[in-house]
Amino acid sequence: MKTWNVMLVDHDRLFSAALATLIGSGPFQAGNLASSADDALDIIAGGAEPDLIVLALQDGLAEEIAGIRRLRGATQARIVVLADTIADRTLSLSLKAGADAYLNKGMSSESLLRALQLVMLGEVVYPTHVASLLMAAANERPAPPPPSTAPSSDLSKREVQILRCLLAGQSNKAIARNLHITESTVKMHFKNVMRKINAQNRTQAAVWAIQNGLSPLATA
């Protein structure tokens, strides 16, 4: 299973430690803890290469937004903002500064892990009630709509296994080996899955799988 290296940025080290333990139960590993965006920049300058940066907003909005912008210029890592409350202005400024997601600290652990996985699949994650705000933001493009939802009961057991292998980052060849079937059979199942869930590519299929509660299938 693919593991993503995460940097946690928060002045509250106790919260960061608890969050590191929480996300460690998923496909993430907390590699660095930083107290501020500037501290995170110093760690990155020292050679750290996080795949994901989770930054908790502090009190100074202007300073924090500037910190997000500096991080965006220093790394290709995905950036997630954690906020105590959902504020439209803060959300808009955060995403314009380069954040890939804006999440509420009060969300459930399951929702957080699912949101982080979506971010790593290339999705922009934000509260649904502000979709119109983001669409109207200058120089911003709305995220592409997710694939149409289809009941997981419409998928066969094998098709569900295929999707779970996909979430584990396996290629068609690896899936075939793991499920003891031919690669052509894997391709056939993928074609059927894409049609059933109305997905156009593997990323959309993975997004659908996460949104419908599927978990990665470990290799044999």
Inset, instruction - Would you point out the residue of the stretch 79-101, among those that are over 11 Å from Leu55 (Cα atoms) and among the hydrophobic types (A, V, I, L, M, F, W, C), that is nearest to the chain's Cα centre (by Cα)? - result: Leu95
Inset, instruction - Go through the residues of the stretch 91-102 one by one and say whether even a single one is open to solvent by 10 Å² or more (accessible area, probe 1.4 Å), without any contact (Cβ under 8 Å) to a residue 24 or more places away in the chain and part of a helix (DSSP H, G or I). - result: no
Inset, instruction - Only residues that are open to solvent by less than 30 Å² (accessible area, probe 1.4 Å), over 19 Å from Lys96 (Cα atoms) and part of a helix (DSSP H, G or I): list them for the stretch 29-72, please. - result: Ala40, Ile44
Legend entry - The lone exception for Thr75 - which of (1) surrounded by fewer than 18 Cβ atoms within 10 Å (Cβ to Cβ); (2) more than 19 Å from Leu22 (Cβ to Cβ); (3) of a type outside the set (A, V, I, L, M) it fails: (1)
Inset, instruction - Look at the stretch 23-63 and say how many of its residues are more than 21 Å from the chain's Cα centre (by Cα) and not aliphatic (A, V, I, L, M). - result: 11
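The values are calculated or read from the model by the stated rules, or taken from the named source; none is laboratory data. This is a predicted model, so every value here is computed, not measured. Heads up, the Cβs are rebuilt from the backbone with ideal geometry, glycines too, and the neighbour counts pull from every protein chain shown. Each accessible area value is taken on the protein alone, full model and side chains, heavy atoms only, with ligands, DNA and RNA left out. Shrake-Rupley method; radii C 1.70, N 1.55, O 1.52, S 1.80 Å.
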